[in-house]
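Structure first, commentary second.
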Amino acid sequence: MLGIHFTLSERRVIAILVAINEAAKLLGISPTTLRRLEKDDVVKGYGIKVYYTPGGQRRYSTAEIEHYYLNRGFSGRFGFGSRPVLVAIDCNTSFTNKESPMHGEWDKEIAQISKLIDIAHETDTPVIFSHSYFKEDDAALQLFIKKVPGAEALPSDLASIKLDPRIKQRASDKHVYIKLFFSLYSETGLFDLLQQLECDTMIICGFSTSGAVRAMAMETIQYAIRPIIPAEAVGDRDENVHRSNLADIDKIFGDVLSVGEVARYLSDRKK
């Protein structure tokens, strides 16, 4: 899986070369405008080089796009705080079992999520699992299934929601339940729980990048909590959508880092 991982301040940038349509989307301009701005293999006004494949196809570096935003006042760093909580979103069989209409190809992501949860347990970092469910008499969800019919297959009985068996949990872990596509802070008790834990850093894992993960990052910063997203521990059903949303989150809402960096931060807390 390709993940966008920007840490310019630490000089640990993974450069990903993307095609013109995705580069234009990241820059907020049209592909036609992007071509028009090119001169001598550089995008004028952006300082971004144009690379070419052996077949002559244009490619652009996500690291250079990130550097452009950083210099414009975007993509700074929240950094880690001292009271982290790991939140794993929809890591249950309704989203990971291949027989479910809501599943994605997330075996690699589950392995990375499991790794971080194990480290969280070893370092006494609180772990919270959030689970989406379907409520048949909810008018908003009845409207939502017109767009995403597969959502109707999600459980309505909370007792039937099962964590993916590849993830180990502890008795001290917390579980919150949310109506599908609603805010994780809405009627779940999550905010009260985070206050009790004095959380100042939220490590967000799970599914999907363009949905609940993005929404969680956007909302969490409103409560003065640092959203941290381990790139390899979140996933989407569409790889291009996944990468674009990671880039957008990293520009404005949260710090997108590697699983290795997050693991080191958690481990270092015990030293």
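The values are calculated or read from the model by the stated rules, or taken from the named source; none is laboratory data. Computed from a predicted structure; not experimentally measured. Because the Cβ atoms are built from the backbone with ideal geometry, glycine has one as well, and the counts that use them run over all protein chains shown.
Residues checked against (1) of a type in the set (D, E, K, R); (2) more than 15 Å from Leu116 (Cβ to Cβ); (3) assigned by TED's automatic domain parsing to the domain that holds Asp124:
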| site | (1), (2), (3) |
| --- | --- |
| Gly235 | no, no, yes |
| Asp248 | yes, yes, yes |
| Ile252 | no, yes, yes |
| Glu261 | yes, no, yes |
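From Ile221, Ile178, Ile228, grab the single residue that is closer than 22 Å to Glu261 by Cβ and either touching a Leu at 6+ places or on another chain (Cβ under 9 Å) or of a type in the set (D, E, K, R) (or both). Only one candidate passes the filter, namely Ile228. Condition check: assigned to a loop (DSSP other than H, G, I, E, B) and under 21 Å from Ala111 (Cα atoms). Does Arg166 satisfy that? So Arg166 fits the description; yes.
Checking every residue in the stretch 198-209 against the condition of being at pLDDT 95 or above, farther than 19 Å from Ile119 by Cβ and surrounded by fewer than 16 Cβ atoms within 10 Å (Cβ to Cβ) gives at least one match.
Of the helices (runs of 4 or more DSSP H) lying entirely inside the stretch 46-148, the ones with 2 or more residues being crowded, with 21+ Cβ neighbours inside 10 Å and not assigned by TED's automatic domain parsing to the domain that holds Glu198 are found at 62-71.
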